[in-house]
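The values are calculated or read from the model by the stated rules, or taken from the named source; none is laboratory data. Fair warning: this is a prediction, and the values are worked out from it, not measured in the lab. Glycine gets a Cβ as well: all are built from the backbone with ideal geometry, and neighbour counts include every protein chain shown.
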Amino acid sequence: MIPIEEAEKILDKITYRPGTEEVSLMDSLGRVLGRDIVSKISMPPFDKSAMDGYAVIAGDDSERFEVVEIIAAGDVPKKTIGKGQCAKIMTGAMLPPGADWVFKVEITEEKDGVMVLTGEDDNVNICRLGEDVKPGDVVLNAGHLVRPPEVGIIASMGFDTVTVYKKPEVGVVTTGSEIVPPGKPLRKGQIYNSNAYSISAQVLRTGAGVTLAGIVDDDKESIKEKISNLLETCHMVLISGGVSMGDYDFVPGILKDLGVRLYFDKVAVQPGKPTVFGTRGETPVFGLPGNPVSTFTIFEVFVRKVLYRMMGHEYTPLLLKGVMKTDFRRKRIERTAYVPVKYCNDGTVEPLEYHGSAHLDALSSANALLKVPAGVNDVLEGSVVHVRQI
């Protein structure tokens with residue numbers, strides 16, 4: 001059994017070279033940029049008004065200003081502004097020649113084509129040509145995860161297609177003769193296959209693809225055949241169950257038989273101690289514990305980072321600073337624990353009722369995981385902690 005820190009170091013050394021492809025802008029959401037987005041234009045592309053108001057010459061101390069033109073967004077100004085003159089201008093409209101100041105409409109009055117000031121405003125209220133972006137500027141770097149803001153930024157540059165890294169395909173298989181798919185009746189001693197669906201949902205949330213390979217009974221040759229097929233067709237393989245110390249836990253031995261180099265098969269983490277990790281060529285393989293909270297937690301702590309790297313993105317989990325609302329205590333302290341908690345709007349962290357690694361319902365109320373280091377048996381009320389958002 002290795003410490004969690006050692007397991008993280010091993011995983012951090014796993015490299016992958018994803019290919020790229022061109023997709024439409026609307027299909028780029030959730031993907032990772034495979035090439036820098038370099039601007040071909042200035043942003044803004046011209047001097048424009050930041051307010052509805054009146055464009056004037058800075059320092060013009062006239063008491064009355066003749067309105068010589070009305071400029072809407074998208075119009076090209078036709079008049080040059082002189083002393084004692086102004087143009088009524090809308091937000092986002094091009095500044096007319098001669099003008100270098102905009103009085104916001106709230107401090108003006110207009111009557112019969114004449115504007116007078118009724119208040120003061122020290123702001124210029126102009127967005128200058130190229131003040132945000134200039135031609136040749138790298139707006140977004142390769143490896144950047146595309147979210148809705150990035151879609152808008154790329155569109156503002158005039159691009160309707162985007163170069164992104166190709167999606168890795170992740171094979172997911174569940175082992176266990178007691179497992180049955182949802183939708184079928186349960187017999188005595190059976191449970192539904194929640195793990196495959198939970199894992200697949202976590203994979204899909206990263207933007208990767210899923211090959212859901214179903215359930216395989218606790219038969220060594222059947223498991224071997226299923227994993228072998230996934231190794232041939234997928235970029236990553238996730239196996240749920242069959243990794244512990246029981247008579248039917250065949251997975252570690254099967255992986256070795258299939259040429260997978262194993263880096264670890266036990267980690268000092270709770271839940272998830274019997275986690276297995278190895279590679280065959282560039283294909284990472286994780287053997288995940290069968291208990292559902294263990295599977296979910298190990299994906300968040302270990303798998304997600306490797307999978308994002310396969311997509312060209314270096315993932316760092318979001319940690320939220322909070323204060324413990326109540327005490328958390330545990331009896332066994334030899335492993336680093338990840339505990340489902342609720343991060344509240346007031347910045348407090350509330351431990352939830354949690355019965356252990358089979359208590360999947362606990363995750364439905366959780367929005368974060370509290371990390372409790374090995375050797376620590378309690379985190380007291382009022383303690384400042386950092387929790388991992390899930």
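Among the strands (runs of 3 or more DSSP E) contained in the range 296-390, which hold 1 or more residues that are over 30 Å from Ile239 (Cα atoms) and among the hydroxyl-bearing types (Ser, Thr, Tyr)?
Of the strands (runs of 3 or more DSSP E) lying wholly inside the range 296-390, those with at least 1 residues that are over 30 Å from Ile239 (Cα atoms) and among the hydroxyl-bearing types (Ser, Thr, Tyr) span 336-343, 348-351.
Restricting the first residue to the range 51-69 and requiring it to be in contact (Cβ under 8 Å) with a residue 24 or more places away in the chain and assigned to a strand (DSSP E or B), which pairs with a second residue that is among the hydroxyl-bearing types (Ser, Thr, Tyr) and surrounded by 17 or more Cβ atoms within 10 Å (Cβ to Cβ) meet a Cβ separation below 8 Å and a spacing of at least six or different chains?
Here the result reads Gly53/Thr108; Tyr54/Thr108; Ala55/Ser49; Phe65/Tyr54; Val67/Tyr54, each pair linking the range 51-69 to a residue that is among the hydroxyl-bearing types (Ser, Thr, Tyr) and surrounded by 17 or more Cβ atoms within 10 Å (Cβ to Cβ).
Restricting the search to the range 68-114, which residues are of a type in the set (Gly, Ala, Ser), surrounded by 14 or more Cβ atoms within 10 Å (Cβ to Cβ) and within 16 Å of Asp47 (Cα to Cα)?
Ala87, Gly92, Ala93, Gly98, Ala99
The conditions are (1) under 30 Å from Val162 (Cβ atoms); (2) surrounded by 16 or more Cβ atoms within 10 Å (Cβ to Cβ); (3) out of contact with any Ser or Thr (no Cβ under 9 Å at 6 or more places or on another chain), and Pro45 fails exactly one of them. Which is it?
(2)
Quick check on Ile179: is it modelled with pLDDT of 95 or more, of a type in the set (Val, Ile, Thr) and crowded, with 16+ Cβ neighbours inside 10 Å?
Spelling it out, it is not the case that Ile179 is modelled with pLDDT of 95 or more, of a type in the set (Val, Ile, Thr) and crowded, with 16+ Cβ neighbours inside 10 Å.
Identify the single condition in (1) over 19 Å from Glu5 (Cβ atoms); (2) free of Cβ contacts under 8 Å to residues at least 60 places away in the same chain that Leu370 does not satisfy, given that it satisfies every other one.
Here Leu370 clears every test but (1).
Please determine whether any residue of the range 4-12 is farther than 20 Å from Gly312 by Cβ, part of a strand (DSSP E or B) and either outside the structural domain of Gly281 (by TED's automatic domain parsing) or without any contact (Cβ under 8 Å) to a residue 12 or more places away in the chain (or both).
No.
If you scan the range 196-243, which residues turn out to be over 18 Å from Gly290 (Cα atoms), over 21 Å from the mean Cα position of the chain (by Cα) and of a type in the set (A, V, I, L, M)?
Once the filter is applied, which keeps residues that are over 18 Å from Gly290 (Cα atoms), over 21 Å from the mean Cα position of the chain (by Cα) and of a type in the set (A, V, I, L, M), the range 196-243 yields Leu230, Leu231.
With the checklist (1) farther than 30 Å from Tyr315 by Cβ; (2) assigned to a loop (DSSP other than H, G, I, E, B) in hand, flag the one item Lys88 doesn't pass.
Every listed condition holds for Lys88 apart from (2).
Taking into account only those residues within the range 253-274 that are touching a residue at least 40 places away in the same chain (Cβ under 8 Å) and under 17 Å from Gly242 (Cβ atoms), which is surrounded by the most Cβ atoms within 10 Å (Cβ to Cβ)?
Selected residue: Gly272.
Select from the range 115-139 the residues that are among the hydrophobic types (A, V, I, L, M, F, W, C) and assigned to a loop (DSSP other than H, G, I, E, B) and write down the one among them that is surrounded by the most Cβ atoms within 10 Å (Cβ to Cβ).
If we take residues in the range 115-139 being among the hydrophobic types (A, V, I, L, M, F, W, C) and assigned to a loop (DSSP other than H, G, I, E, B), then Leu129 is surrounded by the most Cβ atoms within 10 Å (Cβ to Cβ).
Asp112: modelled with pLDDT under 95 and charged (D, E, K, R), yes or no?
The answer is no for Asp112.
Which residues, taken from the range 279-295, are surrounded by fewer than 23 Cβ atoms within 10 Å (Cβ to Cβ), out of contact with any Phe, Trp or Tyr (no Cβ under 7 Å at 6 or more places or on another chain) and part of a loop (DSSP other than H, G, I, E, B)?
Answer for the range 279-295, where residues must be surrounded by fewer than 23 Cβ atoms within 10 Å (Cβ to Cβ), out of contact with any Phe, Trp or Tyr (no Cβ under 7 Å at 6 or more places or on another chain) and part of a loop (DSSP other than H, G, I, E, B): Gly281, Asn291.
Just to check your reading of the model, which residue among Lys224, Lys220, Lys188, Lys184 is surrounded by fewer than 16 Cβ atoms within 10 Å (Cβ to Cβ), in contact with a helix residue (DSSP H, G or I) (Cβ under 9 Å, 6 or more places away or on another chain), without any contact (Cβ under 8 Å) to a residue 60 or more places away in the chain and over 26 Å from His313 (Cβ atoms)?
Lys220
With the checklist (1) outside any helix (DSSP H, G or I); (2) out of contact with any strand residue (DSSP E or B) (no Cβ under 7 Å at 6 or more places or on another chain) in hand, flag the one item Phe103 doesn't pass.
(2)
Considering the range 368-390 alone, what residues qualify as being surrounded by fewer than 16 Cβ atoms within 10 Å (Cβ to Cβ) and over 16 Å from Arg329 (Cα atoms)?
His386, Gln389
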